[in-house]
């Protein structure tokens, strides 16, 4: 049983272009939809088209290069040979911009389902389901519905007719709050001004990114200043993981050469690169791959913090073991940061005051001047104690009744 997608790409814009090719944060809607579908296990998308302009062909080629099969279809007769009797087909409305959680919800195994929302002023761009509900832009249907449409005489709007067949078959309804449409988390992009508003709203709302004082208070605010430039350049998303990974390799090489302060300074820029990757993952089609790369690089950076004094000893005459204050306390610092991360993840939906927790960015920012001005030993002693204090403070504040 395979999971296939049927994505609308035929609705025109007022200026004559296609909705599916509107760019939001440097990424076409069709590419974003393909990336979200790939995240939930779709390997083949059928693109419902009228005309096939060169820009649409180029977009489909970019999607194919990411490993997904793309087939343009004009009707149910073209779609039917692509699906097997036990396949499930995800319908994606033309011009839809939605989050990964909504794709994941509709792709869960089970009977056919439809994402629905309330009938409000903000949801007028979506197809009406009944007197009080409108389509949320996503649905999961079965192969017999496609076969039924292919057998119907005459010409029919493929997307909307399949949706109607799913409604008539009594498909499950997954409800999403209309407030999500007000916030721009789900939207039908009907024109370019709407796309610009969604982009601006997304840049303003993107979270500072997980736990950590250094990351939340210093790194992410700096990244947000350059946010519009970052998200509008496809080359940034393509090359940033390599540049960030290379910076951490340089940190290790500098430390092994005895250039401790230089290594710590480069580590600060490496942390900035990781923060930029986190920021971009909210927008770019490469988000899933970037998330995996970011975790690999972040783990390497954490290990590097634990063994940093030992790397410095490689450059010392006779490879003398580093002082106890560094050799033992650097791993303690890394372990404390790992504990903070575990507590943060374990706290689930009840996360509060996450910016108080210690992180590697904070450690490198404090270590850089200490190594530069020659008081690294007391700093290695202070940092684990400071990290424990931050964790205790976070635990106390997170358990306060008003924090819940």
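Some observations on this one:
- Residue among 39, 94 that alone is under 24 Å from residue 165 (Cβ atoms), in contact with a helix residue (DSSP H, G or I) (Cβ under 8 Å, 6 or more places away or on another chain), touching a residue at least 40 places away in the same chain (Cβ under 8 Å) and outside the structural domain of residue 291 (by TED's automatic domain parsing): 94
- Check on residue 81, in contact with a helix residue (DSSP H, G or I) (Cβ under 7 Å, 6 or more places away or on another chain), in the same structural domain as residue 168 (by TED's automatic domain parsing) and loosely packed, with under 13 Cβ neighbours inside 10 Å: no
- Criterion (farther than 17 Å from residue 255 by Cα, assigned to a loop (DSSP other than H, G, I, E, B) and either modelled with pLDDT under 90 or not assigned by TED's automatic domain parsing to the domain that holds residue 260 (or both)) met by exactly one of 396, 352: 352
- Matching residues, region 53-77, being free of Cβ contacts under 8 Å to residues at least 60 places away in the same chain and in a helix (DSSP H, G or I): 54, 55, 56, 57, 58, 59, 60, 61, 62, 63, 64, 65
- When region 107-149 is filtered for residues that are within 24 Å of the chain's Cα centre (by Cα) and either more than 20 Å from residue 9 (Cα to Cα) or not assigned by TED's automatic domain parsing to the domain that holds residue 11 (or both), the ones remaining, listed by number, are 107, 108, 109, 116, 117.
- Residues of region 98-119 include none that is part of a helix (DSSP H, G or I), touching a helix residue (DSSP H, G or I) at 6+ places or on another chain (Cβ under 7 Å), over 20 Å from residue 36 (Cα atoms) and at pLDDT below 90.
- Scanning region 150-176 for residues that are in a loop (DSSP other than H, G, I, E, B), within 15 Å of residue 135 (Cα to Cα) and either in contact with a strand residue (DSSP E or B) (Cβ under 6 Å, 6 or more places away or on another chain) or at pLDDT below 85 (or both) returns 171, 176.
- Test: residue in region 288-297 that is touching a strand residue (DSSP E or B) at 6+ places or on another chain (Cβ under 6 Å), within 24 Å of residue 229 (Cα to Cα) and at pLDDT below 90: no
- Filtering 214, 227, 245 for residues that are assigned by TED's automatic domain parsing to the domain that holds residue 303, surrounded by 18 or more Cβ atoms within 10 Å (Cβ to Cβ), under 30 Å from residue 198 (Cα atoms) and modelled with pLDDT of 85 or more leaves a single hit, 214.
- Cβ-Cβ distances below 7 Å connect the following pairs, each with a first residue in region 1-13 that is without any contact (Cβ under 8 Å) to a residue 60 or more places away in the chain, a second residue that is surrounded by 23 or more Cβ atoms within 10 Å (Cβ to Cβ), and a separation of six or more residues or different chains: 12/18.
- Among the residues making up region 163-196, those that are free of Cβ contacts under 8 Å to residues at least 24 places away in the same chain, at negative phi and exposed (fewer than 15 other Cβ atoms within 10 Å of the Cβ) are 168, 179, 183, 193, 196.
- Whenever a residue of region 376-404 is over 17 Å from residue 308 (Cβ atoms), it has no partner that is loosely packed, with under 12 Cβ neighbours inside 10 Å and modelled with pLDDT of 85 or more lying with C-beta atoms less than 6 angstrom away and at least six residues away or across chains.
- Taking the criterion of being over 16 Å from residue 332 (Cβ atoms) and over 30 Å from the mean Cα position of the chain (by Cα), the residues of region 351-369 that qualify are 368, 369.
- Residue check for residue 75: within 22 Å of residue 161 (Cβ to Cβ) and at pLDDT below 90: yes
- Verdict on residue 16 being without any contact (Cβ under 8 Å) to a residue 40 or more places away in the chain and in a loop (DSSP other than H, G, I, E, B): yes
The values are calculated or read from the model by the stated rules, or taken from the named source; none is laboratory data. Computed from a predicted structure; not experimentally measured. Reconstructed Cβ throughout: ideal geometry from the backbone, glycine too, with neighbour counts over all protein chains shown.
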